[in-house]
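Everything on this sheet refers to the single structure shown next.
The values are calculated or read from the model by the stated rules, or taken from the named source; none is laboratory data. Just so it is clear, the structure is predicted and the values come from calculations on it, not from any experiment. Because the Cβ atoms are built from the backbone with ideal geometry, glycine has one as well, and the counts that use them run over all protein chains shown.
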Amino acid sequence: MTLSTSQASADPPAAETRAFSLADARLPIAVTGAVVLAIVLVYTVGGRDPGLVTQSIVTGLLLGGVYALVSVGLTLIFGVLGIVNFAQGSMLTLAMFLVYVMGHSFGIPVYVATVVAIPIMFGFGWLVQLLLLNKLTISGNENGPLLITLGLSLLIVNVLLMVFGGRPLSVPGTVDGSFTVLGALVSYERLIAFGGALLVALLLTLALRKTSLGLAIRAVSSNSQGAALVGVNVGRIYALTFAIGSACVAVAGGLVAPFISLTPSVGEQFTILAFVIVVLGGLGSVVGATVGGLVIGLVQTVGALYLPGTGSLILVFAVFVLVLFFRPQGMFGAKQ
Amino acid sequence: MTILEVKGLVKSFSGLTAVNDINLEVREHEFLGIVGPNGAGKTTLFSLLSGQLPPSAGKVVFEGRDITGWSANKVAATGLVRTFQLMRPFESMSVLDNVAIASHARHRSRRAARRHALGVIERVQLERYVNSLSGSLPTAGLKRLELARALALEPRLLLLDEVLAGLVPAERAPMIELLRELHTDGVTVMLIEHIMTAVLALSERLLVMHEGAQLALGEPRAVVDDPVVIEAYLGEDYA
C-alpha cells in the first residue's frame, strides 16, 4: 500500500528577487522632492515675505521634531503590539507634570528632570502593559486594549486636573536665548528639543537593528506566535516595548515643557497629530514617524502663513488624505 | 528511557474533538513517524505538545517534567521544539537574524548567538542565503530555514510537521538525508509526513491517527499492512 500523495511543487521561480534597494532609495527621494518643491513654490509664487517663510520653515522643522518624538513611541507600540495607544498624549502630559513637580518642589533643572523622568515613565509603561494590557494583547483581542488605553487617558487627565487644577502652569527653562539662521530666529530650547528628538529616533533605530532585544522586538512584531516558538517571551517583549514607547514621551515631555503652557489637557493636541503622523509615515515604521513628524510640522507652520489660527490644521489633514489616497500604506509602510 | 510521555491527551474545539485520548511513550533517540488522513489531528497534537494550545484534558511529561499547560516559549526553551507545515519566517528579517533569535535561547551574547546561528545555517546548507531576506526564499529554502530555527534551539525532541511537503522529488532526498543525520546525532524525532516512502525509510515506529484518535502504533511495515489502517485511508471497499 502506498499513501504517498504526490505533491506538486509549489515553488515560485527561483529567480524571483525583489528590487529592495531600488524601492528603498526611491521613497526618500520622492518625499524630499515633494517637500522641497512645495517650499520652492511658497518662496516663488507664494506671495509672502521670504523672511517670514524662512522663519516658518525653521519653526516647523523644530516643531516637527517634537511631533516625531511623540509619534515614534506611538508607532513602535502599534507596530509590535497592534495596540492603538490612545493614552500616548496623556502620558506625554503626565511626563510634563513629572518634570514640573521635580522642578517646582525640588528645584531640579528641567533637563536633569527629563533624564529622571525617563526611567519613571519606562516603569509606568511597563506596569500598564503588564497589568492592564498583556492578557488581552496576547489573546489577540483588539478592542479591549483600545478601550483600556482610552480609559487610562481619561484617568490620567482627570487625576492631573484634580491635583493641579486647570490653570496653566509653566516650567522654567534653564537655557534662555536664541540665535539666527538665515535671518530666522531659533531658540536654544527648541533646538535642544529637536536634537533630542532626532537622537532618540536614531538610538531607537539602531537598537532595533543592532541589539538582541531589538531582534526579539522585530521578531515579535513580525510574527508573535513564531517568536514564542523559538523561545522568545512574548509577554516580556510586549511590556518592554510599551515601556520604551512611554520613555519616548518622557523625553518629549521634558524637552517640550520649557516652551509650552502646561495644562492637564495639553497632550491631546499631540495625540491627534501623532495619529496622523503615524498613519502618514506607515504604521510601525520608526523612520516613517520621524519623517512624518517633520513634514506635518512644516505643513502646520508654513500653512499658517495662509490659513491663520487652527486653519493650518485643515492643511495638515489635506496632506494626510492626499498621501493616503496615493499610498494607503503610508510613506514608509510595508505593502500589505 | 522515555523522553516524552503523553497520557489521555484530549483537545476539543466547541464540540469537535480534534485530538481524542492519545496515549504515547516516545523513547529517547527514537524516530517516530505520524501519519493519518487530513484532519486526523496530527498537527493539533503537535500544538498541544509544544504548548501552543492548552489541552482540554490529559498530561504531557517531557524528560520527567510535567509540562502540561506551559507557555510555548517555555516549552521551546526546555528542548521540545516544533516546526510548521506552513512556514512562518520573520519575513522582513534576514535568514541569519531569523535563526539568531532562536540561538538566543541558548546564547546570551549577540556575538555568540550569531556565531551559533551561522553554524546551524551551514548545517542545513543555507549559507548562500545568510543575508537574504527570509521572505524572498524559495519553498525549499523556507523549509530549511524552518528546520534551522528549530535546530538553533538545540532540541532534544524535534516535532517536524511535513518538512518534505512542497518539495520536488529532487529536493526531498537531501532533506531526508539531513533528517537521518540529525537523528544519528542523538535528536529524538517525531515526524508528521504524507510521503509514505520517506516515513517508512526513516521511522522506527509509526503512529496512525484517525479522527483525532490513535488507530495503530507499532513497527511501520506491520502498521501499514493493518486492515484497520487501510480502511481508514481508503474506505471499507479496499480493506
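Brief remarks follow.
- The range B:61-73, subset more than 8 Å from chain A (Cβ to nearest Cβ) and either among the β-branched types (Val, Ile, Thr) or in contact (Cβ under 8 Å) with a residue 12 or more places away in the chain (or both), residue nearest to B:Val163 (Cα to Cα): B:Phe62
- Top-ranked residue in the range A:186-244 [being within 26 Å of A:Gly64 (Cα to Cα) and not in a helix (DSSP H, G or I); ranked as farthest from the other protein chains (Cβ to nearest Cβ)]: A:Ser187
- Taking the listed residues B:Ala100, B:Ala140, B:Ala152, B:Ala148, the one that is more than 9 Å from chain A (Cβ to nearest Cβ), touching a helix residue (DSSP H, G or I) at 6+ places or on another chain (Cβ under 6 Å) and not aromatic (Phe, Trp, Tyr) is B:Ala148, with no other qualifying.
- Hits in the range A:173-216 - residues which are of a type in the set (Gly, Ala, Ser) and under 17 Å from A:Thr114 (Cα atoms): A:Gly173, A:Ala193, A:Gly195, A:Gly196, A:Ala197, A:Ala201
- Residue count for the range B:80-95 satisfying the condition of being farther than 30 Å from B:Ile3 by Cα, surrounded by fewer than 21 Cβ atoms within 10 Å (Cβ to Cβ) and more than 8 Å from chain A (Cβ to nearest Cβ): 1.
- Restricting attention to the range B:177-190, the residues being part of a helix (DSSP H, G or I) and more than 14 Å from B:Leu32 (Cα to Cα) number 3.
Listed here are the residues, each with its yes/no results for (1) more than 14 Å from B:Ala100 (Cβ to Cβ); (2) touching a Phe, Trp or Tyr at 6+ places or on another chain (Cβ under 7 Å); (3) buried (at least 18 other Cβ atoms within 10 Å of the Cβ).
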| site | (1), (2), (3) |
| --- | --- |
| B:Arg115 | no, no, no |
| B:Arg123 | yes, no, yes |
| B:Ala140 | yes, no, yes |
| B:Leu145 | no, no, yes |
| B:Leu151 | no, no, yes |
| B:Leu158 | yes, no, yes |
| B:Val163 | yes, no, yes |
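- Verdict on B:Gly39 being modelled with pLDDT under 90, touching a Pro at 6+ places or on another chain (Cβ under 7 Å), part of a loop (DSSP other than H, G, I, E, B) and of a type outside the set (A, V, I, L, M): no
- Scanning the range B:191-204 for residues that are away from every other protein chain (no Cβ under 12 Å) and either surrounded by fewer than 18 Cβ atoms within 10 Å (Cβ to Cβ) or assigned to a helix (DSSP H, G or I) (or both) turns up B:Leu202, B:Glu204.
- Residue within the range A:123-143 that is within 30 Å of B:Ser92 (Cα to Cα), loosely packed, with under 12 Cβ neighbours inside 10 Å and among the small types (Gly, Ala, Ser) present: yes
- Hits in the range A:54-83 - residues which are of a type in the set (A, V, I, L, M, F, W, C) and under 12 Å from the mean Cα position of the chain (by Cα): A:Val66, A:Ala68, A:Leu69, A:Val70, A:Val72, A:Leu74, A:Leu76, A:Ile77, A:Phe78
- Set B:Ala232, B:Ala216: member being of a type in the set (Gly, Ala, Ser) and in a helix (DSSP H, G or I): B:Ala232
- Test: A:Ser285 is under 20 Å from A:Gly333 (Cα atoms) and hydroxyl-bearing (Ser, Thr, Tyr): yes
- Residue count for the range B:137-164, restricted to those that are farther than 17 Å from B:Ile192 by Cβ and either touching a strand residue (DSSP E or B) at 6+ places or on another chain (Cβ under 6 Å) or of a type in the set (Lys, Arg) (or both): 4
- Failed condition for A:Gln7, given (1) outside any helix (DSSP H, G or I); (2) polar (S, T, N, Q); (3) modelled with pLDDT of 80 or more: (3)
- Here the condition is being touching a residue at least 24 places away in the same chain (Cβ under 8 Å) and over 21 Å from B:Pro155 (Cα atoms); of B:Gly186, B:Gly212, B:Gly218, it holds for B:Gly212 alone.
- Single condition B:Ser47 does not satisfy, out of (1) touching a strand residue (DSSP E or B) at 6+ places or on another chain (Cβ under 9 Å); (2) surrounded by fewer than 23 Cβ atoms within 10 Å (Cβ to Cβ); (3) at negative phi; (4) more than 14 Å from every other protein chain (Cβ to nearest Cβ): (4)
- The numbered conditions (1) assigned to a helix (DSSP H, G or I); (2) within 14 Å of chain B (Cβ to nearest Cβ); (3) out of contact with any helix residue (DSSP H, G or I) (no Cβ under 7 Å at 6 or more places or on another chain) are all true for A:Gln329 except (1).
- Condition check for B:Glu30 on (1) surrounded by fewer than 17 Cβ atoms within 10 Å (Cβ to Cβ); (2) of a type in the set (Asp, Glu); (3) closer than 22 Å to B:Leu151 by Cα: one failure, at (1).
- Verdict on B:Leu167 being farther than 22 Å from B:Leu80 by Cβ, within 13 Å of chain A (Cβ to nearest Cβ) and crowded, with 22+ Cβ neighbours inside 10 Å: yes
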